[in-house]
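Have a look at the structure below, then the notes.
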Amino acid sequence: MLWACILLPQLALDSVLRGRDDPQAPLVLLSGPAQRRVLQAVNPAARALGLRAGQSLSTAQALASSFTCVEHDPAAVEQLQQLLAAWAYQFSSQVSLHYPRTVLLEVESSLGLFGPWPLFEARLRKELGELGLRHRIVLASNPVAARMLANAHDGLALNDAQATRAALAQMPVDRIGLPVEAATALSRMGLRDLGQVLGLPRDTLARRFAASVQVHLDRLLGLRPMALACYRPPDRFEARLELNFDVESHQALLFPLRRLIADLAAFLASRDGGVQRFTLHLEHARGVATPVVVGLLAAEREAGMLFELARGRLEQLSLPAPVRSVRLVADDLPAFVPQPGELFNARPQQQQGWEQLRERLRARLGDESVRAVQAFADHRPECAWQAAGGAPPLARAPGGPPRPGWLLAEPQALAPEGLRLLAGPERIESGWWDGGDVRRDYYLVETPAGQRGWAYRPLGEGGPLWLQGWFA
Amino acid sequence: MSVGYAELHCLSNFTFQRGASSARELFERAHQQGYQALAITDECTLAGIVRAWQAARETGLKLIVGSEVRVHDGPRLVLLVENLSGYQHLCRLITLARRRAKKGEYQLLREDFAGPLHGLLALWVPDEPLQAGPGLWLREVFGERLWLAVQLHRGADDQQRLQQLQGLAASLNLRAVACGDVHMHARGRRALQDCMSALRHHSTVAGAGQHLFANGERHLRPLAQLAELYPAHLLEATLEIARRCTFDLGQLRYQYPREVVPEGYTPTGWLRTLCERQVPWRWPGGIEPAVRQTLEHELALIAELGYESYFLTVYDIVHFARGQGILCQGRGSAANSVVCFVLGITELDPTRTHLLFERFLSRERDEPPDIDVDFEHERREEVLQYVFNRYGRHRAALTAVASTYHAAGAVRDIARVLGLPPDQINALADCCGRWTDRIPPPERLREAGFDPDSPLLHRVLTLTGELIGFPRHLSQHPGGFVISEQPLDTLVPVENAAMDERTVIQWDKDDLDMVGLLKVDILALGMLSALRRCFDLVRYHRGRELTIATLPPDDVPTYDMIGRADTVGVFQIESRAQMAMLPRLKPREFYDLVIEVAIVRPGPIQGDMVHPYLRRRNKQEQVTYPSDALKKVFERTLGVPLFQEQVMELAMVAADYTAGEADQLRRSMAAWKRHGGLEPHRERLTRGMLNNGYSVEFAERIFEQIKGFGSYGFPESHAASFALLTYASCWLKCHEPAIFACALINSWPMGFYSPDQILQDARRHRIQIRPVDVQHSQWDCSLEPVGGDELALRLGLRQVRGFRQDDALRLAQARAQRAFGDVADLCLRAGLDARARALLADAGALGALAGHRYQARWEVAAVQAQLPLFAGVEPPREAPVNLPVPSVGEDLFADYASVGTTLGPHPLSLLRRRLNGLGCRSSQALEGAEHGDAVSVAGLVTGRQRPGTASGVTFVTLEDEFGMVNVVVWRELAERQRRVLVGSQLLRVMGTLECADGVRHLIAKRLEDLSPLLHGLDVRSRDFR
């Protein structure tokens, strides 16, 4: 077998730079705790300013002032690595992410399709270049050797074990993936490259080093196989149903829809997961398909419920053209957390659960119309309520003095006639930190009509009371 | 017409992260508002009470001492001190609660209230929802001394709340009283107070939500507003309580520990007895009449002021140290006296100096004498433990240091609670620099990429300005001890320090002075460790008994050496600035050293006193005195004020200050940079001097010099003590250089130079240095006879980086039985693990057993512990392998990596030919160059300093195989070539040589980074040093 190693020495940096329109401007990646910020990586322009990876941020700032700092994001790097693996998967069925910043792929079996190697390699480089990733590529007779040779080489192509061994013999002992202690010990014995080490009697080495060192050397030379975890493409559900005739009504779509959703539910069950969002693509004879996105607040997998939701969405839609086929795509497949089934459930079966009701409302009225409300700890009334976008549970308002259930969007001046002050003043002075400092005296008021409201007057001002909310 | 009011519940900024105003601000405000008294009730602490007491005396408003506490799982209380016994009970309660918890926290239990509490009043601050339970318990504990605190802060419904609280009070048959729960002096501190709340809850202000107070009412409100809120009888109750509280901190009486005086003696009698007993020890040939007279005079003065016990206490500690062979040396205002010399508190024979005891212990200045004692830094802990054991933990404790916010820390905390990202917080803190108390100027902020006009930054800076100078936390003083006869917790609360086995009182040094408590500083000094080692080595190798006091004085070769600035490693005069001064000052006698020690300090430098002094000393300028009276004051420093004491004397002689006022001046000098307060002295000094016939110009100049002195002014008494150690270390370096170097390295870390630099200096003085060797080395460096009187210095195993002392001791023991036969014998008999073996091999310490370090590493790796079963069975023979031999460069790098120095060639000697090719001169060749020559030198950068006193100049020290070169880099060049300056290991400097008075500097014109040449010596190793 032949293995190609694609080493991406600047993966973290490239993952940032490829998204920027000014990759030539000095830029550094930062990591480390707040007290000791360290430059994780620097681009060539930053390097030209004297900045180096490993420097502390304060040193860097002492050296230069005009450079961009970006926080190192391991998650983004991981995602990019996954993407690369998927990209490599098209060239080989054996792709491994065993080493960080590295994609290993077995290429001997692919040479027939993409080869010969120089051609293959050129294609890999071209596509990597288009992805904006700096890289080194080495071909060797086993994956470990390919990876370690990439530490010192680029473009090296070794077609057999003998050539691989010869190249390895030239490698410095601290660049071949040995445990640090072993590499240090070897260099402190004056042994600089692997060739010198291999020239020593095997038993003398065995006496001096842990067994794992010998194992690693054997793997490096291909004398002992290495089990690599191979990449598998992610799970995803996609199914398509051709309709027998062009459908123009919602009603007629329900049957195929029920089938597709049943398949989806079965798939979800088989992988013991749920779905948070899926898309129905209604494909027409001509033109672009009409997408219908069905999003949920929490992962679900019950077919009946998924169907109800999809139907709700579908019914809002006016079909732009007859539908010829339906495709269901579900990418967002998080783990499913089932409701605990209570033994003595007091709720009558026919009653809908709160979650189902909420989803149905959302499906019928649209996402914008159903909002969670979140209490926010702030003394300023207008800041104490916030609409929550996602799906956090409704936080209970913290205890404290009574507050009106309904706040006005804008405070309104109150006519003083017939107004009764029931309690107050309650003084609120807060919010200086965001420029929205308020200083007000609040009163509980009752209008002549008997409505109770909450009104304030800015501190140190005369003038009318301003109504801010009504008590229910 | 308001009835008047006394605030009974008020926090100062000593309630960390809650109180947002200082005691001074609170008292000034309360005074303005017409309050009749103010209680300072910091949460379970009295750390701020002395400052409050000062503020109270300055404003003339009455202080009530108190503390707010939360009983564990119980109610919140305000405890107020009615009289002395109440104060003692409060101290006891706080001590109990603090000692139970870790540093900075407290835990007060209900059972703590079981003891007597008379003299302590309590205000109950009930929690929501109101419950009668805690009130019932408190009524049982405090009886008629309990009130219910009614605190109204314009909450949701104050009227209703007032009714509920009054109802609760009535139902429990308690009296109610109005309270403010004050957290700040004025409403304007609301933002800072919010920041503190956020800090306390580790959140941002925006995220702190309900942790913030809803409004800014918790300040000292005007009486009219209070009258609006509270019924009159609740306000009257505050006055009634205030009248009851008659305690004043001035009533505290400190007593010296009694055991320092044996049964049957008075302190006076015992001090005299001790002195008489010791006189023959100090003066075996009999005491001179003049010294005897001084001794009598001092004893009389001590008796008159009643300070015998103080001297006896210090004597007791020093006596212990001497018994243990721990070297010590006293300094400070009272230390340089005949009494202290006789008692062995100091080694400085007062007849050697011009110092007068009375200058330090003054009749008029009724203030306890101050003696600091330095001990060997490695053995000070023994002394501390002795004090704790002798007097007991309840009577001896360390003093506290109230650490205050400097600009950097303040801006960090404020920026954090305002939600700035970490990088910007760091950048802002960097703008502040270290130790300053000023917010950074706008241009500095702009340089760092901030917009000082943005509202956010404006908020950050304003709040930072308010926070600077606030106390942040209490930490322990490095060695200040308080010892008393009565249990300490009847004087001041005691709490735990961060270190185990340490207890700390809640007051710092200034607080103690105010209240009149005895303090002894037990400090650590590395040079004393080194000197003791020197004396031990001299005794061992020379059979001669030396002490600091008995070293031959006025030794000419020693002063010659000092005049050459050949002072690497000695005490105080070893820094670059000091070394630059020595050839100009050319000390010839002891008092010159006293001046040398004091003159190279920021105070005299900023006060521009150095050059006038030098000119006068070198007879380039006439020595004049403004008057005959001042001649006496300034004669010994040639008319230039150099010492704190002289400034005080000047004020007394020329401006009619009393001794007490002069002391006030000294304190103001120390503090003016932070707190101001020197202006009144300007008027006072000028007026006084004009009255005595001095000119306005003279008065102005003197005042400027005093300002320059600032907090750095050095007292003569300390300088004299230090100079004695300087002389001792110089004498040893001059006459026993090998012993001196050995002792310094064994005492490391200490001083200014690394062992490598000390060893290089020793080699330049032709001392033979021998490598680390398992067949010879001890843990410490040691000395081996060479023949004649010469000694060679053998490096100890302590120089091997990472090697453990235990391993070294086992190794030495095994070797003492018999020398090691081979590597296996060494490893097995000394019980060395793989790590220790590898370290020895890499250090080249196995040379005698295994050859070069590569071979040694190969061999130690093969050594395996023998199982008992195979005892006596020879391990299998291996065929020898061919390992490479380390090159000179490789050995050099390995030496530096392992032992931090090399005995082989200096790295620059390996590069010398290439450097010559580049036109670089060596430091040796530089000796031949003259003033104004354009030269180029290269060397390893061993020091980069940018002292605050030198306006942007960077001092670089270069080292080559012959010595050091001092380089001056002006600001403009430093900025232009910052990267080279900061980043080079091997630096080439092109510039002009400046020589004056035997001092040589290279003024840099251009810098070049030659570090790649070093890496060329060995491409593998990048970790050079």
Requested in this report: Examine the stretch A:24-40 for a residue that is hydrophobic (A, V, I, L, M, F, W, C), outside the structural domain of A:THR102 (by TED's automatic domain parsing), part of a helix (DSSP H, G or I) and under 25 Å from B:GLU447 (Cα atoms), and state whether such a residue exists.
Outcome: no
Query - Hey, A:ARG202 within 11 Å of another protein chain (Cβ to nearest Cβ) and closer than 25 Å to B:GLY851 by Cα or not - result: no
Query raised in the report: Can you name the residue in the stretch A:421-446 that is at pLDDT below 85 and over 48 Å from the mean Cα position of the chain (by Cα) and, of all such residues, is nearest to the other protein chains (Cβ to nearest Cβ)?
Result: A:ALA423
Requested in this report: Looking only at the stretch B:241-259, count how many residues are of a type in the set (Asp, Glu) and at pLDDT below 90.
Outcome: 1
**Report entry** Count - residues of the stretch B:185-217 that are buried (at least 21 other Cβ atoms within 10 Å of the Cβ), in a loop (DSSP other than H, G, I, E, B) and within 9 Å of chain A (Cβ to nearest Cβ)
**Finding:** 4
**Report entry** Filter result for A:GLY460 (surrounded by fewer than 16 Cβ atoms within 10 Å (Cβ to Cβ) and not aromatic (Phe, Trp, Tyr))
**Finding:** yes
Report summary line: Here the residues within the stretch B:793-811 that are without any contact (Cβ under 8 Å) to a residue 60 or more places away in the chain and either crowded, with 17+ Cβ neighbours inside 10 Å or assigned to a loop (DSSP other than H, G, I, E, B) (or both) are B:LEU793, B:ARG794, B:GLY796, B:LEU797, B:ARG798, B:GLY802, B:PHE803, B:ARG804, B:ASP807, B:ALA808, B:LEU811
Query raised in the report: Across the stretch A:430-446, what is the number of residues that are touching a helix residue (DSSP H, G or I) at 6+ places or on another chain (Cβ under 6 Å) and either polar (S, T, N, Q) or surrounded by 19 or more Cβ atoms within 10 Å (Cβ to Cβ) (or both)?
Result: 1
Query raised in the report: Considering only residues of the stretch A:400-420 that are more than 14 Å from every other protein chain (Cβ to nearest Cβ), outside any strand (DSSP E or B) and small (Gly, Ala, Ser), which is surrounded by the fewest Cβ atoms within 10 Å (Cβ to Cβ)?
Result: A:GLY418
Report summary line: Cβ pairs under 6 Å, 6+ apart or interchain, first in the stretch B:969-989 and farther than 19 Å from A:THR59 by Cβ and away from chain A (no Cβ under 14 Å), second acidic (Asp, Glu) and in a strand (DSSP E or B), ordered by first then second residue, are B:ARG988/B:GLU1008
Report task. Looking only at the stretch A:247-257, decide whether some residue is of a type in the set (Gly, Ala, Ser), in a loop (DSSP other than H, G, I, E, B), away from chain B (no Cβ under 14 Å) and under 30 Å from A:CYS5 (Cβ atoms). Result -> no
Report summary line: Taking the stretch B:897-920 and keeping residues away from every other protein chain (no Cβ under 14 Å) and within 42 Å of the chain's Cα centre (by Cα) leaves B:VAL899, B:GLY900, B:THR901, B:THR902, B:LEU903, B:GLY904, B:PRO905, B:HIS906, B:PRO907, B:LEU908, B:SER909
Report summary line: Of the listed residues (B:GLU466, B:GLU485), the one being within 14 Å of chain A (Cβ to nearest Cβ) and farther than 30 Å from B:ASP789 by Cα is B:GLU466
Query raised in the report: In the stretch B:682-697, what residues are under 15 Å from B:ALA629 (Cβ atoms), surrounded by 14 or more Cβ atoms within 10 Å (Cβ to Cβ) and not hydrophobic (A, V, I, L, M, F, W, C)?
Result: B:GLY688, B:ASN692, B:TYR694
Report task. Among residues belonging to the stretch A:106-158 that are charged (D, E, K, R) and over 25 Å from A:SER15 (Cβ atoms), point out the one that is surrounded by the fewest Cβ atoms within 10 Å (Cβ to Cβ). Result -> A:GLU108
Report task. Select from the stretch B:968-1008 the residues that are among the β-branched types (Val, Ile, Thr) and within 20 Å of A:ALA48 (Cα to Cα) and write down the one among them that is surrounded by the most Cβ atoms within 10 Å (Cβ to Cβ). Result -> B:VAL980
Query raised in the report: When you look at A:ALA88, is it within 14 Å of chain B (Cβ to nearest Cβ), outside any loop (DSSP other than H, G, I, E, B) and farther than 16 Å from A:GLY32 by Cα, yes or no?
Result: no
Report task. Have a look at B:LEU165, B:LEU234 and point out the one that is under 17 Å from B:GLY4 (Cα atoms) and either part of a helix (DSSP H, G or I) or within 11 Å of chain A (Cβ to nearest Cβ) (or both). Result -> B:LEU234
Query raised in the report: In the stretch B:156-171, what residues are within 17 Å of A:ASP441 (Cα to Cα) and hydrophobic (A, V, I, L, M, F, W, C)?
Result: B:ALA156
Requested in this report: Quickly run through the stretch B:275-321 and pick out the residues that are among the acidic types (Asp, Glu) and surrounded by 14 or more Cβ atoms within 10 Å (Cβ to Cβ).
Outcome: B:GLU298, B:GLU308, B:ASP316
Requested in this report: Look through the stretch B:1-47, keep the residues that are within 28 Å of B:VAL71 (Cβ to Cβ) and aromatic (Phe, Trp, Tyr), and return whichever of them is surrounded by the most Cβ atoms within 10 Å (Cβ to Cβ).
Outcome: B:TYR5
Query raised in the report: Do you know which of the residues in the stretch B:740-757 that are surrounded by fewer than 24 Cβ atoms within 10 Å (Cβ to Cβ) and hydrophobic (A, V, I, L, M, F, W, C) is nearest to B:LEU795 (Cα to Cα)?
Result: B:TRP748
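Yes/no per residue for (1) of a type in the set (A, V, I, L, M); (2) outside any helix (DSSP H, G or I); (3) under 25 Å from B:SER529 (Cα atoms):
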| residue | (1), (2), (3) |
| --- | --- |
| B:GLU276 | no, no, no |
| B:LEU299 | yes, no, no |
| B:TYR310 | no, no, no |
| B:ALA335 | yes, yes, yes |
Report task. Collect the residues in the stretch A:1-55 that are within 14 Å of chain B (Cβ to nearest Cβ), polar (S, T, N, Q) and under 22 Å from the mean Cα position of the chain (by Cα), keeping them in residue-number order. Result -> A:SER31, A:GLN40
Requested in this report: Test each condition in (1) modelled with pLDDT under 70; (2) hydrophobic (A, V, I, L, M, F, W, C); (3) in a strand (DSSP E or B) for A:VAL326 and report the one that comes out false.
Outcome: (1)
**Report entry** Residue within the stretch B:457-477 that is charged (D, E, K, R) and surrounded by fewer than 16 Cβ atoms within 10 Å (Cβ to Cβ) present
**Finding:** no
Query raised in the report: From the list B:MET579, B:MET514, which one is within 28 Å of the chain's Cα centre (by Cα) and either surrounded by fewer than 17 Cβ atoms within 10 Å (Cβ to Cβ) or outside the structural domain of B:LEU650 (by TED's automatic domain parsing) (or both)?
Result: B:MET514
Requested in this report: Please enumerate the residues belonging to the stretch B:143-160 that are in contact with a Leu (Cβ under 7 Å, 6 or more places away or on another chain) and away from chain A (no Cβ under 14 Å).
Outcome: B:ARG145, B:LEU146, B:TRP147, B:LEU148, B:ALA149, B:VAL150
Report task. Output the number of the condition that B:THR45 fails; it satisfies all remaining conditions of (1) at pLDDT 95 or above; (2) among the hydroxyl-bearing types (Ser, Thr, Tyr); (3) more than 16 Å from B:GLU495 (Cβ to Cβ). Result -> (3)
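The values are calculated or read from the model by the stated rules, or taken from the named source; none is laboratory data. Given the structure is predicted, the values throughout are model-derived calculations rather than measurements. Positions of Cβ are generated from backbone atoms using ideal geometry, with glycine treated the same way; all protein chains shown enter the neighbour counts.
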